[in-house]
Structures are given as C-alpha cells and as structure tokens.
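Worksheet: one structure, shown below.
Throughout, read-outs are computed from the coordinates displayed, never taken from laboratory work. None of these values were measured; they are calculated from a predicted model. All Cβ positions, glycine included, derive from the backbone under ideal geometry; neighbour counts span all protein chains shown.
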Amino acid sequence: MDLRFTDAEIAFRQEVRDFIAKELPVATRERMLAGKSPTKQMVVDWQRKLNARGWAAPEWPKEAGGPGWTLAQRYIFREELQQAPAPSPLGFNINMCGPVIIEFGTEEQKKRFLPRMLNLDDWWCQGFSEPGAGSDLAGLKTRAVREGDHYVVNGQKTWTTLAQHADWIFLLVRTDPNAKKQEGISFLLCDMKTPGITVRPIITIEGGHEVNEVFFDDVKVPVENLVGQENRGWDCAKFLLGNERFGQARVGASRERIRRLKVIAQESLDGGRPLMEDPEFRRKVTEIEVELKALEMTVMRVIATETKRKDKKPDPATSVLKIKGTEIQQLCSELLMKAAGPYAWVDGDPDEEGGGNDVDVAPDWALGLAGVYFNWRKQSIYGGSNEIQRNIMAKAFLGL
Amino acid sequence: MDFDLSEEQRLLQDSVAKLLADKYGFEQRKAYMKAPEGWSREVWSQFAELGLLGLPFAEDEGGFGGGAVDTLLVAEQLGRAITLEPWLSTVVIGGGFLRNGASAELRSAMVPKIAAGELLLAFAQAERQSRYDLFDVATTAKKDGSGWSITGRKGYVVHGDSADALIVTARTAGGQRDQRGIGVFLVDAKDPGVQRRGYRTVDGQRAAEVEFANARAEAVLGNPEHGLPLVDQVVDETIAALAGEAVGAMQVAHDMTVDYMKTRQQFGRPIGSFQALQHRAADMLVALEQARSMSYFAAMSAEERDPLERRKAMATVKVQIGRSARFVGQQSIQLHGGIAMTMEYACGHYFKRLTVNDAMFGDADHYVRYLADIGGLVQAA
Ligand SMILES: Cc1cc2nc3c(=O)[nH]c(=O)nc-3n(C[C@H](O)[C@H](O)[C@H](O)COP(=O)(O)OP(=O)(O)OC[C@H]3O[C@@H](n4cnc5c(N)ncnc54)[C@H](O)[C@@H]3O)c2cc1C
C-alpha cells in the first residue's frame, strides 16, 4: 500500500493546473466562484478547449477518444477542475451516455455519437425519471412500440436536467409491458428535434430553470438508435447509475466551497470581528474538512478496487460516496449561507447576470448563497436518493 | 399549570384560521406576491376588521388589549399560511415600540391608524457590519433644534419599502459597538432625507435598504441616550411571535409530508410504508412538538420583567425553534423527493420561510453562543 502520489503524478497535476490557469475564462471562473452554474456557452466553450487538448473524457479509453489515463490521473484531473473551479466535462455526455455506448453500443453508434459527445457538438440529457417512476425507476411507463424500422414512443419524462439545452436525449422506455418490470425496458437514443417532443420548464424553489418535463407524442426513433439488446436496457441503466453515484463524491468541489467559505468568513463580520475568528465557526468548518479528507481516502479506495473488478456491476461502495459526498456538499452550502448572515436573504435571480443586485443591497459575495443552499437539497434526492443508497448498502453489504 | 386556551383565544384562533383558509390558498398567495407591494392590501384590511392590527394595544387607546398568548396564536396561524403582509413589522415590532416606548400622545395619534390598517411601520435596525448585534449601530442621530436628524444606512429592513414610518436605531453618543448611546427614532418614510430601495427576499417577502441623509425624526421612542433596553425588549417580544410563526409553518410542512407519504406510491406501495421514512417523520414530529413547547415558553417569557431572564429565555427559544425549523424544513423536502424542489409546490416555500425565520434577529448558532457564554441554563450542583 502506498497512498502517495508519484513524482510523475505530481508533475501531471501541475500540468493540469497550468492548463486551467491559462485557458479558463475569467468570467466562467467568477460565475462558478459565486456558486452559480456556468451558462450553456461557458460549458460548451470549455469542453471544446478540453477536447482540443485530448482531455474531454478523462475516464474513456484511448480507442474511444479518451486520454487513456491511469486512475490516479483521472482523479487528479477532476479534482483540479473542481477546485479551480472550472466546468466539469458535461456529465450526460461523458459520464452517463458515452460510457453506455462504449460498453453496450455498436461500432456505428460509437463512430456516430462519441466524437460529437466529446466536442459537445451534441448536448445530451437524461430521460429516466417519470412522474410515477422516481426511486422506483423500473416502474417507468413510457412506451416504445416497434413499427418496422422505428420505435414509436409515447409517454412522459420528468426532472430532465437541462433538456432545454439538449440536442439528444437518452431514454429508458418500456418495450415489453408483459415481462417482469426490469426485463421489459430498453435504452434508446432520441434526437430532441424529432416531431412530437415537447419540453416544459420546471422552476425549482430558488427560482432557477434547470429541470423540465419532456413529453413524447408518437415520437419515431429509428431502431438503429437502440443501445444493447431490446428489453435489456436495465443493464445499461444500472451501469450508468453506478457511474452517476461515483460522480457525486465531488471532493474537489467541496474543497473549493470550503476555500470560498473561508474567504467569505474573512469579509463577513460577527460580533464586530471577521466570522473566521469565531472559534465555534472554525470548529464547524474543521469538522467538515475532516469528513472531506476521509471521503477523499474512501474515493481512492473505491477507485483502486474498481480496476480489479471483472464484472460491470456497479460497486455498492459508490453508495457510500454518494451519501457522504452529498451530505458534505449540502453542509458547505448551508455554512456559506449562514456565513453571509442576513445578506443571503436577497433574492438574487440565479439565471441573471449580477444576480439581482442591481439595487446594491448586499455585498456581491453574499448574493445567491441561500438560493444555492435551497437548490442543493436536490443532491440527496437525485442520482438515487440517499435513502435508496442506504437500502442498496443494507442489501449488498449487510445482507439484510 | 394550564396550557388551555380561553374561550376568547379559541375564537380568535378560529377566526384567523377561517380568514386564511378563505383568502390564503397557495395560488392566492402567489398572486399577492406578484402585486407591486408584494402582499395584499385587501387581506390587510380584513386583518384590520378582525382586530389583528390593534391586537396588542390597550383597549382605551383603540386596541384590543391582547397579550403575548394572543400574539402567539395569531402568529402561528399566519405562519401556517406563510403570509406576506407586514403584520410582524407593524403590529409586533412597531406595536412593541409604541407600547413600551411611546408617549401617550403619540400612541393615541398612531394606534387607531394602525388598528384601522392605515399606518404601516418597519424597523430599520441592522447595518452592513452589525449582523445580529442590536447594539452595533453606526447610524447617527444629531440634535437639531428641538428634534433629531438621522444619518446612516440600514439594511434588510423587512417591509421597509411599503412602510409609512420607520423606527430607526441611531447613535446619539458613544462608539459604534457601545451599549449606551443608542436612541430609537420615528421617521416619516416620505421625509426628503430618506431613500429606499426595495427588493424581494428569498422567502418571498419584501425588504428594503434604507439610506438616511439628515432625515428628520418625528419622535423619540424611549430614552434617546439609552434606548437599547427598549430595543431588547421589543426584539424579545418579536422572538416570541417568530416562534409562533415557525411552529405554524412547521406544522403545515409536517402535515403535507405525512399526507404525501400516505398517497405517493413507489415500488407498488405508499412510501409511508417504508420504516426509514416513518422514523424520519416521527423525528420531525418530535422536533415540531419541542418547538411548540418552546413557543409557549416564549409567550410566557415575553412578559417577564427581569430583562436578563427574558433575554435568556428568548435565546433558549431561538435555539430550539431554529434547530427544529432546520430539521423539519430539510426533511419535509427530502421525504417528498423531487416534487418539493419545485416552485409550484407549497412545501419548498415553507422550507424557505423557516430558513429565514431562523436567521431573523439572530440564528440558533448565535444564541447557543450567547447562552454558553453566560453559563447555560442549569447551575452546577
Ligand atoms: C433537481 C433535480 C434534477 C434531476 N435530474 C434528473 C435528470 O436529469 N434525469 C432524470 O431521469 N431524473 C432526474 N431527477 C430525478 C431524480 O432522480 C428523482 O427525483 C429521484 O429518483 C427520486 O424520485 P422522486 O423524486 O420521484 O421521489 P420518490 O421516489 O417519490 O421518493 C420520495 C421519498 O421516498 C423515499 N423512498 C422511496 N422509496 C423508498 C424506499 N424503498 N425506502 C426508503 N425510502 C424510499 C425517497 O428517498 C424520498 O425521500 C432529478 C431530480 C431533481 C430534484
């Protein structure tokens, strides 16, 4: 066992850091520092820069267009992006749909979709959840009926993140209504421009537009857009959800939030002194830092065992990462809001430049922090809720 | 010991509940929020008709002679509907200053107007640097002939944009963080020396940033050389009302969650059948009942005469209410799943109000520190 990074890995970290310092637009960084999501254009521009450098898909194998990195390199790379903070490669493309196509897709599908995913020529979105199928994803009802060389899709997806930006959607659909529920599901790729698709915004509690309802009314999907075998889509889904859980650890992102918190706590006064000088506050932050360090080590252990696994079943240890990662992120967002005190009350529209401070009623660093706290309650709900993760653990680890 | 309400109190509670059931559905609330002032004048005049605006004032001054328990009951009902009207600012805070710090003449001039819904008040207290310290005041009050002239900048003045008159803390002597030398002044919101910039707060209410440039004070409330005890007293009374509001909001968030657990089906059965969720909902109930107990303690302590005992009691209230509000608020979202993350669903709005309620006049952390510093509640044997 040796948990230290090698000299080569340390040099690699520096290389990534230098690249980010040179290439990341200031506006993107500042927006992310303020806790806001980068705009569509920011994400696209950044991903293209990464792609030009060959770094758009850290986990992909070389033959699929990835950099062919070791696990340590992937980890370092993601951590540096999160800490910068810079946009991560678009998860729907790089961590969700891409790997499914690499694993289960045909050669044609790989050729057709992967390069465009890497360069973000196509923005993908995830059409899994439905009004009646959240935690019980396999209960989904959206129907796909094969008619000649097409599937005809009817039904509704919901909570579809950034569908308003998307060119393509990957879908779980029911192709055999008579089979056991996991056995009648297929994984389809669908062009968002196909007639019969309607996208309706859902506004979240802090006022942002990041999720949508997507309706399908006799939408024709060519059969060549089926990934894997018909009625075996659940294998793709499980594979994908394991990757999604893994991505929720976001150690670098939490570290960045803690850094930000410490900056804000220098500016924000409490009892006439910087909040950072309050021992109680420092203790709280330190507790989180310790949890984060432990999570970091746990992430590395999970990565290390991942390489030795033969089957493609998701590792139940990723549930640990999902639970702990989201709890830490939520705590960070709460402490940031609290650090801003009553300034955090100003209702800054998260989608607006300047975040609604046109009347200058709060310091800029305080704006939108309550909004992020409200919004981040989603983290323990999506990607398989934290209760569902505990169910998975109870079954897989505890045999209960 | 008696926790029962009197017949009159029960009537008061019922009449407010009835009005809000009628006028404060979720869709109605949304429409009020969109109005230019961010709340409803029509509802306000109905508050006046019901006597809610004159509630805490003496009957011979035009009020209804209500006490802290009456205030608590109304606040709880308003919390259940997460109302947007300036009741807390005008009646509880403004009313508190008038009852405890105004001359009889001033009261007789103002109370009937407040009770009739014709006069709105807001409390301009906090400043950029002050956070939760009521005594941290840089705004100044200078003697100006027979009156006072106010200069400085106040932040997050709740309902400051629609108020007719502002109650302002300002320094008549001493340094920025001195306990002595703070006065409380009444300023006409339309005074040429007053500039207001209104904005919406994250819980859908309204607030303003207010700048005073040699604004003329119309009256002094309490002792201009040492008004802090008055401020403390009014804030303590307000904390009792905030406790009521929080309990009302928590009750609804909790009820909504339990109802949803009974109807939402996943895996072929109601999610309420999962024991993990049952336990969480039971813990929410524990938090809610602990908070409710504290709201009674708050109402009882609001009339405590010893200022230190009262402060201590209210700090205790703030801590429990804040902790309960956080847990109930967060878990009400969690147990609903995605649906409660949406603007279209009421639960998130309760969560947001509970979050802001905790921070008003100091959050739970602030008061834990205060209590710990003064040695806690229980003496060593
Ligand atoms: C902001 C946001 C973005 C999202 N983005 C996407 C997206 O891009 N694509 C997509 O497909 N989906 C997306 N989702 C959907 C997300 O995956 C679901 O919200 C999630 O699976 C939970 O489903 P639900 O909301 O229907 O809640 P429910 O499944 O109804 O759950 C309600 C509550 O019951 C609990 N529960 C359910 N079953 C059990 C059980 N067996 N044991 C114990 N507790 C249980 C849950 O933990 C939760 O607390 C998003 C959700 C949100 C909030």
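Mean silhouette area of the range B:7-119, derived from the convex hull of its C-alpha atoms and averaged over all directions, reads 6.6 nm². With both labels modelled 7 Å from their Cα along Cα-to-Cβ, the B:M343 to B:S273 distance reads 3.7 nm.
Relative contact order of chain B: what whole-number percent is it, with Cα pairs under 8 angstrom and at least 6 residues apart? List each step's numbers first, then the result.
Values: 715 pairs, mean separation 56.5, N = 381.
Answer for chain B is 15 percent.
For the pair the range A:204-254 and the range B:117-169, the centres of their Cα atoms are 52 angstrom apart.
About its Cα centre, how strong a charge dipole does the protein assembly as shown have in debye, to the nearest 20, once Lys and Arg get +1 and Asp and Glu get -1 at the Cβ? Walk me through the numbers on the way to the answer.
Details: 96 positive and 107 negative charges, 523 e Å.
Dipole about the Cα centre, nearest 20: 2520 debye.
What does the charge count near B:R99 come to, summing +1 for each Lys or Arg and -1 for each Asp or Glu among other residues with Cβ under 10 Å from its Cβ? Net charge in that neighbourhood comes out at -1.
Provide the FRET efficiency to the nearest 0.05 for the A:D217-A:A179 pair, computing r from the beta carbons and using R0 = 22 Å. Walk me through the numbers on the way to the answer.
Numbers: r = 25 Å, r/R0 = 1.12.
The value I calculate is 0.35.
Sequence neighbours fewer than 8 away in the same chain don't count; with that in mind, list the aspartates and glutamates whose C-alpha is under 12 Å from A:K238. Of all the aspartates and glutamates, those that pass the test against A:K238 - Cα under 12 Å, at least 8 places apart if same chain - are A:D315. The chymotrypsin sites (Phe, Trp or Tyr not before Pro) of the range A:358-400 that meet both conditions, a loop assignment by DSSP and at most 14 other Cβ atoms within 10 Å of the site Cβ, are A:F397.
The value of relative contact order for the range B:122-225, using C-alpha pairs under 8 Å at least six residues apart, is 31 percent. Taking every pair of alpha-carbon atoms in the protein assembly as shown, give the share separated by more than 51 Å as a whole percent. That tail contains 21 percent of the Cα-Cα pairs.
In which sequence would B:R196, B:R41, A:R174 go, from the one with the fewest C-beta neighbours within 10 Å to the one with the most? Don't skip to the end; give the middle numbers.
Values: B:R196 20, B:R41 13, A:R174 23.
Final ranking by Cβ density, sparse to dense: B:R41, B:R196, A:R174.
May I ask for the net charge around B:P192, where only other residues with Cβ less than 13 Å from the Cβ of B:P192 are counted and Lys, Arg are +1 while Asp, Glu are -1?
Numbers: positive: B:K190, B:R196, B:R216; negative: B:D188, B:D191, B:E211.
Local charge sum for B:P192: 0.
Which of A:M96, B:M300 has the fewest other C-beta atoms within 10 Å, and how do the rest follow up to the most?
Details: A:M96 21, B:M300 14.
Going from least to most buried by this count: B:M300, A:M96.
Taken over the alpha carbons of chain A as equal point scatterers, the Debye sum produces base-10 log I(q)/I(0) values at 0.08, 0.14 Å⁻¹ of -0.44, -1.37.
Around the amide H of A:C125, modelled in the peptide plane, lie the amide H atoms of A:W168, A:I169, A:F170, all under 5 Å away and 5 or more residues distant in sequence or on another chain.
Amide H to amide H, with H built 1.01 Å from N, B:F123 comes under 5 Å of B:V158, B:I167, counting only residues 5 or more places away or on other chains. For the range B:275-381, the share of alpha carbon pairs falling in successive 10 Å distance bins from zero is 14, 38, 30, 14, 4, 0 percent. Are there GluC sites (Glu not before Pro) in the range B:252-356 that DSSP puts in a loop and that have at most 16 other Cβ atoms within 10 Å, and which ones? Those satisfying the criteria are B:E303, B:E344.
Please give the FRET efficiency for B:S108 paired with B:K34, using the beta carbon to beta carbon distance and R0 = 35 Å, rounded to the nearest 0.05. Rounded to the nearest 0.05, the efficiency is 0.40. What does the C-alpha gyration tensor say about the overall shape of the range B:193-328? Classify as rounded when a/c is under 1.5, otherwise prolate if a/b is larger than b/c, or oblate. It comes out oblate by the Cα gyration axes. Can you tell me how the range A:191-239 classifies by the Cα gyration tensor, rounded, prolate or oblate, using a/c under 1.5 as the rounded cut? Oblate, because a/c is 1.5 or more while a/b does not exceed b/c. The packing ranking, built from the mean of other Cβ atoms within 10 Å per residue, places the peptides B:105-112, A:316-323 in the order A:316-323, B:105-112, highest first.
Between the range A:80-153 and the range B:250-281, how many Å separate their Cα centres? Comparing the Cα centres of the range A:80-153 and the range B:250-281, I get a distance of 32 Å.
On full extension of the chain, what length is gained from A:R273 through A:R146, given 0.36 nm per residue of separation minus the C-alpha to C-alpha distance?
Working: separation 127, 0.36 × 127 = 45.72 nm, distance 6.84 nm.
Difference between extended and current length: 38.9 nm.
Between A:M297 and A:T39, full extension at 0.36 nm per residue minus the direct alpha carbon distance yields a gain of 89.7 nm. Amide H to amide H, with H built 1.01 Å from N, A:E230 comes under 5 Å of no residue 5 or more places away or on another chain.
What is the sum of charges, Lys and Arg at +1 and Asp and Glu at -1, for the other residues whose Cβ falls under 12 Å from the Cβ of B:S89? Spell out each step's value before the answer.
Working: positive: B:R206; negative: B:E85, B:D161, B:D164.
Once positives and negatives cancel, what remains is -2.
Relative to the current alpha-carbon distance between A:D18 and A:T305, full extension at 0.36 nm per residue lengthens the span by 100.3 nm. A simple spin-label model places the labels of A:N154 and B:A116 6.5 nm from each other, with each point 7 Å out along Cα-to-Cβ. Taking 7 Å steps out from each Cα toward its Cβ at B:E225 and B:A21 produces label points 5.6 nm apart.
Partners of B:K34 within straight-line reach, counting aspartates and glutamates whose Cα lies under 17 Å from its Cα and excluding those fewer than 8 residues away in the same chain: A:E206, A:D347, A:D349, B:E42, B:E85, B:D161, B:D203, B:E344.
Residues A:E213, B:E237, A:E79, arranged from fewest to most other Cβ atoms within 10 angstrom of their Cβ, appear as A:E213, A:E79, B:E237.
Let me have the 222 nm mean residue ellipticity of the protein assembly as shown computed from DSSP H runs of 4+ only, each contributing -39500 (n - 2.57), with the sum over all residues rounded to the nearest 500. Before the final figure, lay out the partial values.
Numbers: 23 runs with 359 residues, N = 781.
After summing the helix terms and dividing by the residues of the protein assembly as shown, the value is -15000 deg cm²/dmol.
Taking a point 7 angstrom from the Cα of B:K143 along the C-beta vector, which residues in the range B:206-232 have backbone N less than 18 Å away? Under cut-off, by backbone N: B:216-227. Computed from the C-beta positions of B:D14 and A:E289, the FRET efficiency with R₀ = 56 Å rounds to 0.60.
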